[in-house]
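Structure, as structure tokens:
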Amino acid sequence: MNSLFRKKPLNDLLHNKSGSTHLKQTLGAFDLTLLGVGAIVGTGIFILPGTVAAKSAGPAIIFSFVIAAIVCAIAAMCYSEFASSVPVAGSAYTYGYVVFGELIGWLLGWALILEYGLAVASVASGWSSYLNALLSGFHITIPKAVSGPFNPELGTFINLPAIFIVLIIAFLLTLGIKESTRVNTIMVGLKVGVILLFLVVGVFYVKPDNWQPFMPYGISGVMNGAALVFFAYLGFDAVSSAAEEVKNPQRTMPIGIIGSLLICTVLYVAVSAVLTGMVPYTDLNVTDPVAYALQVIHQDWVAGIVSLGAVIGMITVILVMSYGATRLIFAMGRDGLLPKVLAEISEKHHTPVKNTWIFAVVVAIISGLVPLDKLAELVNIGTLLAFMMVSIGIIFLRKNKSIQQSGFKVPFYPVLPIISFLLCAFLISRLSVHTWISCGIWFVIGLIVYFVYGRKHSELSDK
């Protein structure tokens, strides 16, 4: 039992940074904030406001976004304290390994692999829908059989655009994080510009009557909506994966994590309010609600630009989520819990090229075959479990005197970490039984992998 909860000494992790598996420190606060905005603003702003408003919350979806943002903000502060105290790749996996022990760290890492993998797959699937909408404006049509997930009844068999974009992003990531952040910065600028264009045009077509009834599904609908739009905020936790490649992480990590979350919350609430004011919420259950709303008000030229912005914007989400996954897998491979080949660094590009391509190929297959609605809830449950453990882990971090704690501190300790834990537990309770069963199967597989391979090959096993 002791071996299951053996803890990774932080000194060992920091020592690794000076060895052959070192990731170069090249990112500043601005890079990190834009990585966060790039990861967060994507499917959440271009797709989820329509489907969640139509099915769960109505115009009160703005409250759903605010509630989800509050939960994320408190969790983000917990991540910020961990990231400044344990500036090592691996995010919640590494934090769990240091404060709870190997088995809990492994389960957190396994949950995050689920989160990042399915997040990339689901956004790639949504990206394909917007690409089709954009190309149709130029009278270009991708054959139906290769433009959607496997569903013979609808005539779709594989989503080739989704597969294509995942593999292109993998190639970009292999070139290096600095090159990737340059591309991300350009795309985030274009994406935010398109969102502001939608708000400026759409606000003149808002009809207050469309906000009535404001809360058609009641408080329960708003809470269910919050559990679903929580998916829209995923990304700030992926930013914490960059801790090992950041200059001055004690100062930079909190700025990047919390700053990106605040920017995105303002954008989400504004888009949701304008969208449900332009079109009755009952009409928004479509795959491209923002472009659809603009077509309803006969602003087709703006709809075309928004589709282009969505196509560009979602690429940044795929980029940052893929980045977070590869750094997580790198950390788990470096610790011996996954094969060491996954922690090999390219001498030329200083990136884990092999694990990047392995991750991309697996996720590309999933994104090409599985429908979007089957992916989103599974992403949420993996994330919420990680958030719960990171939140409660702050209490154990503060008690660990061997870890230097001179960086960011969660205010109102221990109240806020406990509140964060309880709020995440509440949101996770709103997810469907099907999601719980699927997640349970994933964790059973994870335990088998750990006991068959990870436990024996762990770097701590010899010690």
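The values are calculated or read from the model by the stated rules, or taken from the named source; none is laboratory data. Predicted model, so just to flag it, every value in this text is computed and none were measured. Here the Cβ positions follow ideal geometry from the backbone for every residue, glycine too, while neighbour counts run over all protein chains shown. Ligands, DNA and RNA are excluded from the accessible area calculation, which covers all protein heavy atoms including side chains. Shrake-Rupley method; radii C 1.70, N 1.55, O 1.52, S 1.80 Å.
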Taking a ≥ b ≥ c as the square roots of the eigenvalues of the Cα gyration tensor of segment 109-243, is the shape rounded (a/c under 1.5), prolate (a/b larger than b/c) or oblate?
rounded
Please identify the DSSP H helices in the chain that span no less than 15 Å along the helix axis (Cα) and have a mean Kyte-Doolittle hydropathy of 1.0 or more.
29-40, 61-85, 102-136, 160-174, 177-202, 218-229, 249-278, 300-334, 353-369, 376-399, 415-429, 433-449
Taking loop as defined by DSSP and a crowding limit of 12 other beta carbons within 10 Å, which trypsin sites (Lys or Arg not before Pro) in segment 383-432 fit?
401
If you take the alpha carbon radius of gyration of the chain and divide it by 2.2 N^0.38 Å, what ratio comes out, to two decimals?
0.94
Relative to the present Cα-Cα distance, how much length would full extension add between residue 209 and residue 140 at 0.36 nm per residue of separation?
21.2 nm
Can you tell me how segment 316-463 classifies by the Cα gyration tensor, rounded, prolate or oblate, using a/c under 1.5 as the rounded cut?
oblate
In this structure, among 144/340; 55/409; 354/409; 8/354; 8/247; 247/348, pairs with alpha-carbon gaps over 30 Å are 144/340; 55/409; 354/409
Pull up the cross-link candidates among the aspartates and glutamates for residue 7, meaning alpha carbon to alpha carbon under 17 Å and not fewer than 8 places away within one chain.
102, 335, 459, 462
With a 1.4 Å probe and all protein chains left in place, how much of the accessible area of segment 70-207 comes from carbon and sulfur atoms, in whole percent?
78
Shape of segment 396-452, Cα gyration tensor, a/c cut at 1.5
oblate
Length-normalised contact order of the chain, Cα under 8 Å, at least 6 apart, in percent, tallies to 33
Chain lengthening between residue 150 and residue 196 when straightened (0.36 nm per residue, less Cα-Cα):
13.0 nm
Around residue 217, what is the net charge, scoring Lys/Arg as +1 and Asp/Glu as -1 over all other residues with Cβ under 14 Å from its Cβ?
+2
Please give the peptides 311-319, 61-69, 193-201 ranked by average Cβ packing (other Cβ atoms within 10 Å per residue), highest first, as a rough proxy for protection.
311-319, 61-69, 193-201
With label points set 7 Å from each Cα along the Cα-to-Cβ direction at residue 402 and residue 247, the distance between them in nm comes to 3.3
For segment 204-287, the Debye formula with one identical point scatterer on each Cα and no solvent gives log10 I(q)/I(0) at q = 0.16, 0.23, 0.26 Å⁻¹ as -0.76, -1.15, -1.31
Full-stretch length increase - residue 445, residue 425 - with 0.36 nm per residue and alpha-carbon distance subtracted
4.9 nm
Nearest 500 deg cm²/dmol is fine: what mean residue ellipticity at 222 nm does the chain get from its DSSP H runs of n ≥ 4 alone, each adding -39,500 (n - 2.57), divided by its residue count?
-21500 deg cm²/dmol
Give the carbon-plus-sulfur fraction of the accessible surface of segment 297-448 in %, rounded to a whole number; probe 1.4 Å, heavy atoms of protein chains only.
74
With Cβ to Cβ distances under 14 Å as the rule, what net charge do the other residues near residue 326 carry (K, R +1; D, E -1)?
-1
